[in-house]
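The values are calculated or read from the model by the stated rules, or taken from the named source; none is laboratory data. If you're wondering where the values come from, they're calculated on a predicted model, not measured in any experiment. Cβ placement follows ideal geometry from the backbone for every residue including glycine, while neighbour counts extend to all protein chains displayed. Each accessible area value is taken on the protein alone, full model and side chains, heavy atoms only, with ligands, DNA and RNA left out. Shrake-Rupley method; radii C 1.70, N 1.55, O 1.52, S 1.80 Å.
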Amino acid sequence: MEGHGRSMDNLNGKELAELAVDMMHRTMVHHVFWFKEVEHQMGFEKALEIMGSAYEKSRGIQLNRLGKLFGFKLIDGIPEPLLTMSTEKLEAFIELLGVNWLAGDGVWFQSVEAEYGMLDAKRCNDSCWAWFSPFEAWSIKRLLNLPEQPGIEGLKKALQLRMYAKINVQSIADEGPDCILFQMNHCRVQAARKSKGMEDYPCKSAGLVEYTNFVRGIDSRIKTECIGCPPDGHPEEWFCAWRFWIERE
């Protein structure tokens, strides 16, 4: 979109399409900035509470308007085309969303690394997980309508709905009534590195932040122990493993 002082009326079809995509991006970023400012002013828990209310209202308003333009109905707040889609296609769509999310995460990491180096990229990555993990826990708890303290059984359900649950291979083994062993048997990022003859990415610092904050967001009583995570050595059957448990008095 070159030129100065161009009005929207003078844009051609491709330029209008570019503008539409850019406006969707601006809307998402504005949503994030609102959350971050409310968090700064009122604290994380209050910001999540307010975002829950704002998201429900905003989602309905936006989807209704899009539905009128593109000719789809909403059923219980969900676009009808998603409800009439086959299970196989919906699963493929969810997998695609997970892959796109992971790709976006990687692009951010690489962009920081290219400009400032690996150390700063890892520092930003770990800090990002400190925010995203409790948010994702909050989001999944709402989706599953879990109680405030759903226990280990609630955590088992939540772990299966994380962003990477469809694109990685993970397993959960019971070690007792209040203890489970979680393994990441196939990690898309680490497997890609392995296929190129590269060493494991040392993700333990991020993992400690990620898993501790996620499980605490599901149930504040749950403790986290890292069994192993790169750069730790690990067996062929998993890339990282974690133990989650509740201490009983």
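Structure values in brief
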{"quantity": "Accessible area per residue in Å² at 1.4 Å probe, computed on the chain", "calculated": "65 Å²"}
{"quantity": "Axial C-alpha extent at least 24 Å, average Kyte-Doolittle at least 1.0 - helices from the chain (DSSP)", "calculated": "none"}
{"quantity": "Entries in LYS156/LYS194; LYS46/LYS141; LYS157/LYS223; LYS89/LYS166; LYS122/LYS204 that, when Cα-Cα distance is taken, lie over 19 Å", "calculated": "LYS156/LYS194"}
{"quantity": "Dipole magnitude (debye, nearest 20) for region 140-210, charges at Cβ of Lys, Arg, Asp, Glu", "calculated": "480 debye"}
{"quantity": "√(5λ) per eigenvalue of the Cα gyration tensor, the chain, largest first, Å", "calculated": "35, 24, 20"}
{"quantity": "Exposure ranking of HIS186, HIS30 by accessible area [1.4 Å probe, largest first]", "calculated": "HIS30, HIS186"}
{"quantity": "Student exercise, the chain dipole from Lys, Arg, Asp, Glu Cβ charges, in Debye to nearest 20", "calculated": "500 debye"}
{"quantity": "Distant alpha-carbon pairs in region 39-100 (separation over 18 angstrom), percent", "calculated": "57 percent"}
{"quantity": "Per-pair calculated FRET efficiency, R0 = 22 Å: ASN100 and LEU66 via Cβ, rounded to 0.05", "calculated": "0.70"}
{"quantity": "Accessible surface of LYS166 - all protein chains present, 1.4 Å probe, nearest 10 Å²", "calculated": "90 Å²"}
{"quantity": "Carbon plus sulfur fraction of accessible area for the chain, probe 1.4 Å, in percent", "calculated": "58 percent"}
{"quantity": "Cysteines, the chain, no other Cys beta-carbon under 4.7 Å", "calculated": "CYS124, CYS128, CYS179, CYS187, CYS203, CYS226"}
{"quantity": "HIS30 versus ALA54: modelled label distance in nm, points set 7 Å from Cα along the beta carbon direction", "calculated": "1.2 nm"}
{"quantity": "For region 154-215, fraction of C-alpha pairs farther apart than 13 Å, in %", "calculated": "70 percent"}
{"quantity": "Rounded Å value of the spacing that divides the Cα centres of region 42-63 and region 193-248", "calculated": "30 Å"}
{"quantity": "Cα-based reach from LYS14 at 28 Å (exclusive), listing lysines while leaving out same-chain residues under 8 positions away", "calculated": "LYS68, LYS73"}
{"quantity": "Segment ALA191-MET42, extension gain: residue separation times 0.36 nm, minus the distance between their alpha carbons", "calculated": "49.5 nm"}
{"quantity": "Hydrodynamic radius by Kirkwood, which averages 1/r over all alpha carbon pairs of region 1-144, in angstrom", "calculated": "18.6 Å"}
{"quantity": "Within-14-Å neighbourhood charge of PHE132 [Cβ basis; K, R +1; D, E -1]", "calculated": "-2"}
